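Peer 1: To start, I am sharing the structure in question, which I have written as structure tokens.
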Amino acid sequence: MIGKRSRFLTISLIFGFAFLYVPIVLLVIYSFNYSKLLPVWGGFSTRWYVELFNSPDVWSATILSLKIAAITATIATVFGTMAGYAIARFRKFRGRTLFTGMISAPLVMPEVITGLSLLLLFITLKQITGWPANRGMTTITIAHITFAMAFVTIIIQSRLTGSDMSLEEAAYDLGARPVRVLFDITLPLLTPGMMAGWLLAFTLSLDDLIIASFVSGPGSTTLPMLIYSRIRLGLKPDINALATVLIGIVAIGVLIAGLLLIRQQRQRLAMEAQDRQ
């Protein structure tokens with residue numbers, strides 16, 4: 001019985017990983033396809049990488065998306081950390097229920113509704129104050145921060161809810177001020193959660209199509225928007241090459257983050273072992 005269960009779990013694991021990663025592997029393989037037709041293998045070649053580096057439209061859209069994603073992830077991590085800390089540590093304050101509901105709303109709100117509401121907001125602000133003069137990188141970044149901050153808040157809140165408060169309480173008993181406790185104890189404990197939130201916000205911003213389509217304007221085409229427009233006209237293999245480059249960058253980032261988390265966990269275990277001795 002145990003052997004059958006183990007075999008079933010192994011087969012399920014293999015099918016699960018195949019379902020997730022076989023399409024990515026095929027994409028990487030076909031990025032080296034010489035043929036212009038995506039499903040037809042014409043031999044190994046790097047011609048599409050050469051063409052990719054000579055395509056100004058693709059690179060301008062990629063650079064714009066990376067800038068928006070980096071700014072979005074940074075600001076969303078800062079605001080999300082503050083919001084998550086307030087929800088987790090301050091159990092009772094006026095408007096807590098409303099604040100929590102507003103933070104959680106982007107998680108369940110359809111992206112079409114979010115994009116339309118933000119478009120109406122920017123149009124109204126332009127009529128009243130004259131800002132923003134044009135919809136572009138700034139409006140897309142604000143829109144992405146709006147929904148990415150909610151995901152970071154949930155991560156930070158979960159991290160604080162499951163963490164031990166004994167270190168903070170000990171610091172307070174020893175006379176440390178709240179600001180000192182925040183920067184010396186709380187934030188180092190939140191570092192893995194903040195890194196995870198930053199990566200998630202970066203990925204969500206880089207991947208967004210619907211919201212960016214509502215709040216963008218002429219000359220502010222992001223990479224997902226460019227890919228979607230090319231799908232209707234017919235994809236070229238240089239998109240496969242670009243996707244392969246992005247996959248490599250993301251894989252390196254995830255590997256570095258994983259190594260940092262492992263290193264931090266080992267340091268924490270070593271400190272705990274020294275305290276026991």
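The values are calculated or read from the model by the stated rules, or taken from the named source; none is laboratory data. Predicted, not measured: the structure shown is a model, and the values here were computed from it. Cβ coordinates were reconstructed from backbone atoms using ideal geometry, including for glycine residues, and neighbour counts include every protein chain displayed.
Peer 1: Checking the condition within 30 Å of Ala133 (Cβ to Cβ) and either modelled with pLDDT of 85 or more or loosely packed, with under 11 Cβ neighbours inside 10 Å (or both), which residue from Thr244, Thr221 passes? Walk me through how you get there before you give the answer.
Peer 2: Details: Thr244 fails: within 30 Å of Ala133 (Cβ to Cβ).
Every option except Thr221 fails the conditions.
Peer 1: Right, here's the next one. With the condition being over 30 Å from Gly219 (Cα atoms), I'd like the helices (runs of 4 or more DSSP H) fully within the range 88-196 carrying at least 3 qualifying residues. Full working, then the answer.
Peer 2: Numbers: elements: 96-108, 111-129, 137-161, 166-173, 178-181.
Answer list for the range 88-196: 96-108, 137-161, 166-173, 178-181.
Peer 1: Tell me, please, whether a residue that is surrounded by 21 or more Cβ atoms within 10 Å (Cβ to Cβ) and modelled with pLDDT of 85 or more can be found in the range 33-40. Talk me through it step by step, then tell me what you get.
Peer 2: Going through the range 33-40, the residues surrounded by 21 or more Cβ atoms within 10 Å (Cβ to Cβ) turn out to be 33.
Keeping just the survivors that are modelled with pLDDT of 85 or more gives 33.
Yes, some residue in the range 33-40 is surrounded by 21 or more Cβ atoms within 10 Å (Cβ to Cβ) and modelled with pLDDT of 85 or more.
Peer 1: Specify the residue that is surrounded by the most Cβ atoms within 10 Å (Cβ to Cβ); the eligible residues are those in the range 166-199 that are small (Gly, Ala, Ser) and without any contact (Cβ under 8 Å) to a residue 24 or more places away in the chain.
Peer 2: First pass over the range 166-199, keeping only residues small (Gly, Ala, Ser): 166, 170-171, 175-176, 193, 196-197.
The next check asks that each one be without any contact (Cβ under 8 Å) to a residue 24 or more places away in the chain; those that pass are 166, 170-171, 175-176.
Numbers: Ser166: 8, Ala170: 12, Ala171: 18, Gly175: 7, Ala176: 15.
Among those residues, the one meeting the criterion is Ala171.
Peer 1: In the range 13-35, which residues are in contact (Cβ under 8 Å) with a residue 60 or more places away in the chain and either part of a helix (DSSP H, G or I) or farther than 15 Å from Leu242 by Cα (or both)?
Peer 2: Within the range 13-35, Ile24, Leu27, Val28, Tyr30, Ser35 meet the criteria.
Peer 1: Do we have any residue at all in the range 127-140 that's surrounded by 13 or more Cβ atoms within 10 Å (Cβ to Cβ) and among the aromatic types (Phe, Trp, Tyr)?
Peer 2: Checked against the condition, which is being surrounded by 13 or more Cβ atoms within 10 Å (Cβ to Cβ) and among the aromatic types (Phe, Trp, Tyr), the range 127-140 yields no hits at all.
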